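Below is one structure, written out as structure tokens; comments come after it.
Every read-out reported here was derived from the displayed coordinates using simple, explicitly stated rules and does not represent laboratory data. Just so it is clear, the model here is predicted, and its values are computed rather than measured. Note: ideal-geometry Cβ built from the backbone for every residue, glycine included; neighbour counts use all protein chains shown.
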Amino acid sequence: MTAGTTALAGLSALGLLVAGCSTGGTGTRDEGEAPRSDKVAHATPTPSASSPAPFNKVDPVRLLKADPKVSTRVKAQLKPCTKSEYPIDVTYGHLTGATGQDVIVNVMNCSDAVGLGAYVYRASGSSYDNVFTAEETPVYAEIDRGDLVVTRQMYAPGDKPSFASSEVVTTYRWSGGANGKFAQQDQVENDYSKAVDGSGTSAPAPTTP
């Protein structure tokens, strides 16, 4: 009985001591953020198993010159603007399926970057097949969430090169698997305001008869 009473008294005193220390405090929050261990701070992130593979770069000039679907007009204007810089934009992505890669090549002129032609090439083993061609100047193609989006500027008589009257944006989607093709999904036309022509002045108000 004496030993039991002594043990209970010791536990009660310990409980009072803990309660007294915690009264009015906030625990470890009073000491600030706990320091991070060196192991966590210097840990090297592990690459994700689903990380996409890098795209294989192509020589777009060589691709265009060897392509019989590229018109003679575009090939004649396929010249470098400087010593070795061609007016070409290249986009890599996936348009025709999850496997392989697709390449969009936009050809422009050097003077005002007007689009002369837009082409989509599909990887086929070690070569590339032309699966889309648009040469209605000015034209530009790009990838938007897996779809092919082609923009054409529309000019009315008297329009300046940098201020078209409107633009037509057409969205295409690949269908049919390996032997498929692009089918039009949507088309939007945007008419631009004539109030401002880029010179900093508004267009004259119409006269009243």
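Pick out, in residue order, every one of the chymotrypsin sites (Phe, Trp or Tyr not before Pro) in the range 66-165 that is DSSP loop and has at most 16 other C-beta atoms within 10 Å; say none if there are none.
TYR155
Quick one: check the C-alpha center-to-center distance for the range 65-80 versus the range 88-140, whole angstrom.
13
LYS69: which lysines have alpha carbons under 23 Å from its alpha carbon, excluding same-chain residues fewer than 8 sequence positions away?
Candidates past the 8-residue exclusion: LYS57, LYS79, LYS181.
Give me a comma-separated list of calculated 3J(HN,Hα) values for the range 163-179, in order, Karplus coefficients 6.51, -1.76, 1.60 applied at θ = phi - 60°, integers in Hz, x for any Gly or Pro.
Computed from phi, the couplings for the range 163-179 are 9, 6, 6, 7, 9, 10, 10, 10, 9, 10, 9, 6, 9, x, x, 5, 9 Hz.
Using amide H atoms built 1.01 Å from N in the peptide plane, name the residues 5+ places from LEU116, or on other chains, whose amide H lies under 5 Å from its own.
When sequence neighbours closer than 5 places are left aside, the close amide H contacts are VAL107, MET108, ASN109, VAL139.
Can you list the residues of the range 101-122 with backbone N under 20 Å from a point 7 Å past the Cα of ASP159, pointing along Cα to Cβ?
107-118
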